[in-house]
Amino acid sequence: MSQHAPRFALNHMICPRLSVRELIDGATQLGLSAIELRNDVGDNSIKTLDQAREAGRLARDQGIEILSINALYPFNIWNDEHAEQAENLAQLVDACGGRGLVLCPLVGADHNASEQEKRDGLKEALTALDRILGRYDLQGFVEPLGFPISSLRSKQAAVDTIRELELSHRFSLVHDTFHHAGAGEQALFPEHTGLVHVSGVEDQSVDFETMLDEHRLLVGPHDRLGSIAQVQQLLSAGYDRYISFEPFAPAVCNLDDPFTAIQESMDEICRKLTA
């Protein structure tokens with residue numbers, strides 16, 4: 001199978017202090033055609049229908065696709081409050097013309113549910129979210145988080161439940177290179193992957209069990225996650241959707257010129273992919 005060329009996108013977490021307009025302008029400057037918006041970047045969050053509609057207008061004017069709003073958290077602990085949040089977020093994604101909603105599971109050391117209870121909670125949440133997202137013809141991007149205290153750590157568990165519920169038309173995975181390494185998961189699921197988040201870790205003082213979001217940089221030559229190798233495997237297996245930059249480290253998020261750094265990271269990834 002011939003390998004697809006990478007298609008890059010920007011997650012608003014690259015620089016939360018950028019306005020949505022500045023994020024879209026930056027994507028255009030880099031020659032990209034897609035972004036992810038967020039509901040957790042302070043004043044630049046998408047919180048209202050008016051904000052969502054304006055973001056959609058700005059994106060359409062520059063030929064930029066909005067992939068997602070990130071995120072419903074914790075999606076797998078289903079109750080009336082989270083059902084209301086899901087409905088509100090689905091309306092925002094619909095209003096901005098987005099493709100789907102990112103779904104992140106609970107991360108908490110005091111979550112003492114059994115494995116069966118976690119599976120049952122995931123099934124309940126996905127069943128309910130299918131109804132909500134279906135009203136707006138949206139995708140649910142399920143993002144297992146590889147932290148040791150995550151309630152949904154492996155992509156295998158997510159895929160098994162999606163298959164059991166026969167909801168592959170509604171839900172796909174987010175393959176996050178940071179969380180893939182953190183979970184120690186070897187299996188890739190390119191046919192179930194709807195979005196890739198890419199970042200790098202260079203700090204030698206942390207291991208995969210103790211890495212935190214604050215360690216997540218743009219991918220460079222000293223990345224310890226094997227992010228480029230993960231992308232290579234996905235592309236070689238037929239993945240042809242977006243690879244979205246999602247660093248959280250203050251060293252990246254506070255850059256005066258994040259787009260030059262992103263261009264350097266794209267160049268590094270492409271150089272290694274074709275080496």
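Remind me, what semi-axes does segment 86-141 give for its equivalent ellipsoid, largest first in whole Å, using sqrt of 5 times each Cα gyration tensor eigenvalue?
Values: eigenvalues 133, 30, 11 Å².
Square roots of five times the eigenvalues give 26, 12, 8 Å.
Along the three principal axes, how long is segment 33-92 when you take its alpha carbons, biggest first, rounded to the nearest angstrom?
That works out to 39, 20, 19 Å along the principal axes.
Could you tell me what percent of the accessible area of segment 198-263 is made up of carbon and sulfur, with a 1.4 Å probe and every protein chain present?
51 percent
In the chain, what % of DSSP beta bridges are antiparallel (nearest 5)? Present the calculation step by step, with values, prior to reporting the outcome.
Details: 2 of 31 bridges.
Rounded to the nearest five, the antiparallel share is 5 percent.
Need the list of lysines near K272 for cross-linking: C-alpha distance under 28 angstrom, and skip anything on the same chain fewer than eight residues off.
Of all the lysines, those that pass the test against K272 - Cα under 28 Å, at least 8 places apart if same chain - are K155.
Between Y136 and L273, 0.36 nm times their residue separation minus their Cα-Cα distance comes to what?
Stretched out fully, the Y136 to L273 stretch lengthens by 45.6 nm.
Which of (i) 59, 46, 42; (ii) 72, 46, 28; (iii) 44, 42, 39 is the computed Cα extents along the principal axes in Å for the structure on display?
Label of the calculated value: (iii).
Per 0.36 nm of contour for each residue apart, how much would the distance between Q186 and R57 grow if the chain were fully extended, relative to their Cα-Cα spacing? List each step's numbers first, then the result.
Details: separation 129, 0.36 × 129 = 46.44 nm, distance 4.04 nm.
So the chain would gain 42.4 nm between Q186 and R57.
If I model a spin label at Q116 and D207 as a point 7 Å from the Cα along the Cα→Cβ vector, what separation in nanometres do I get?
Reported label-point gap for Q116 and D207 is 3.3 nm.
Check each of the trypsin sites (Lys or Arg not before Pro) in segment 159-225 and keep only those in coil by DSSP with at most 15 other C-beta atoms within 10 angstrom; list them in order.
Working: sites: R163, R170, R216, R224; in loops: R170, R216, R224.
Qualifying residues, ordered by number: none.
Compute the distance in nm between two label points, each set 7 Å from the Cα along the Cα-to-Cβ direction, one at D43 and one at Q29.
Distance between label points: 1.9 nm.
Can you send over the carbon and sulfur percentage of the accessible area for segment 1-105, probe radius 1.4 Å, protein chains only?
Carbon with sulfur: 45 percent of the solvent-accessible area.
From zero up to wherever the largest Cα-Cα distance of segment 166-208 sits, split into 10 Å bins and tell me the percent of pairs in each.
24, 47, 21, 7, 1
Find the percent of Cα-Cα distances in segment 120-275 that exceed 23 Å, and round it to a whole number.
Tail of P(r) above 23 Å: 40 percent of Cα pairs.
For segment 28-184, treating each Cα as an identical point scatterer without solvent, what Debye log10 I(q)/I(0) comes out at q = 0.09, 0.13, 0.14, 0.21 1/Å?
Scattering profile of segment 28-184, log10 relative to I(0): -0.29, -0.60, -0.70, -1.37.
Hey, what's the chain come to in accessible area per residue, 1.4 Å probe, Å²?
That works out to 43 Å² per residue.
What longest range of the chain stays clear of loop-exposed GluC sites (Glu not before Pro) (DSSP non-H/G/I/E/B, at most 11 other C-beta within 10 angstrom)?
Answer from the scan: 1-165.
Ratio of alpha-carbon Rg to the 2.2 N^0.38 Å globular estimate for segment 180-247, to two decimals, please. Write down the numbers at each step before the final one.
Numbers: Rg = 12.0 Å, N = 68, 2.2 N^0.38 = 10.9 Å.
Scaled against compact globular proteins, the figure is 1.10.
The values are calculated or read from the model by the stated rules, or taken from the named source; none is laboratory data. Keep in mind that what you see is a predicted model, and the values were worked out from it rather than measured. All Cβ positions, even for glycine, are placed from backbone atoms using ideal geometry, and neighbour counts span all protein chains on display. Accessible surface is based on the protein model in full, side chains and every heavy atom, while ligands, DNA and RNA are left aside. Shrake-Rupley method; radii C 1.70, N 1.55, O 1.52, S 1.80 Å.
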